[in-house]
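Working notes, structure below.
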Amino acid sequence: MRQFTTGDLNKQVGDVTDAASREPVVLTRHNKPRFVLMSYEHYERMRSGSDPRRAHIISEMPDEHAELFGEAIERLARGEG
């Protein structure tokens with residue numbers, strides 16, 4: 001996730017909002033994350049739960065995802081990554 005300072009937002013609003021239109025960006029103040037700026041469409045997907053992306057704790061991961069994850073790890077371990 002890209003990061004900008006709140007000062008960047010004031011000075012480069014076009015660049016910051018352009019980046020936020022592609023993916024959420026973190027706005028920092030005094031080197032600490034303070035805000036997340038994202039497109040309205042991304043916000044609506046998150047709010048409505050229609051975004052199919054999910055984070056899982058490995059022990060609670062659905063079986064089909066655990067299999068895919070395990071296969072990907074094995075490929076990386078073999079240097080096929």
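For this structure, a couple of remarks:
- Carbon + sulfur, % of accessible area of the chain - ligands and nucleic acids excluded, 1.4 Å: 52
- Whole-number D in µm²/s for the chain (Stokes-Einstein; Kirkwood sum over Cα pairs; 25 °C, 0.890 mPa s): 159
- Solvent-accessible area of ILE73 with every protein chain in place, 1.4 Å probe, in Å² to the nearest 10: 80
- Calculated from backbone phi, Karplus (6.51, -1.76, 1.60) coupling profile of the range 35-47 in Hz, x at Gly/Pro: 9, 10, 10, 9, 5, 4, 4, 5, 4, 5, 4, 5, 5
- For the chain, the antiparallel share of DSSP beta bridges with both residues in that region comes to about 60%.
- Each Lys and Arg contributes +1 and each Asp and Glu -1, all at the Cβ; summed about the Cα centre of the range 3-78, the dipole is approximately 500 debye.
- Counting only trypsin sites (Lys or Arg not before Pro) that DSSP places in a loop and that have at most 16 other Cβ atoms within 10 Å, the longest clean stretch of the chain runs over 3-52.
- Accessible area per residue in Å² at 1.4 Å probe, computed on the range 3-78: 81
- Highest average packing first - 62-68, 38-44, Cβ atoms within 10 Å: 38-44, 62-68
- In this label model, ASP63 and GLN12 are separated by 4.9 nm, measuring between points 7 Å along each Cα→Cβ vector.
The values are calculated or read from the model by the stated rules, or taken from the named source; none is laboratory data. Treat the numbers as computed from the prediction; the structure is a model and nothing was measured. Glycine gets a Cβ as well: all are built from the backbone with ideal geometry, and neighbour counts include every protein chain shown. The protein model used for the area step is the full one, side chains on, heavy atoms only, and it has no ligands, DNA or RNA in it. Shrake-Rupley method; radii C 1.70, N 1.55, O 1.52, S 1.80 Å.
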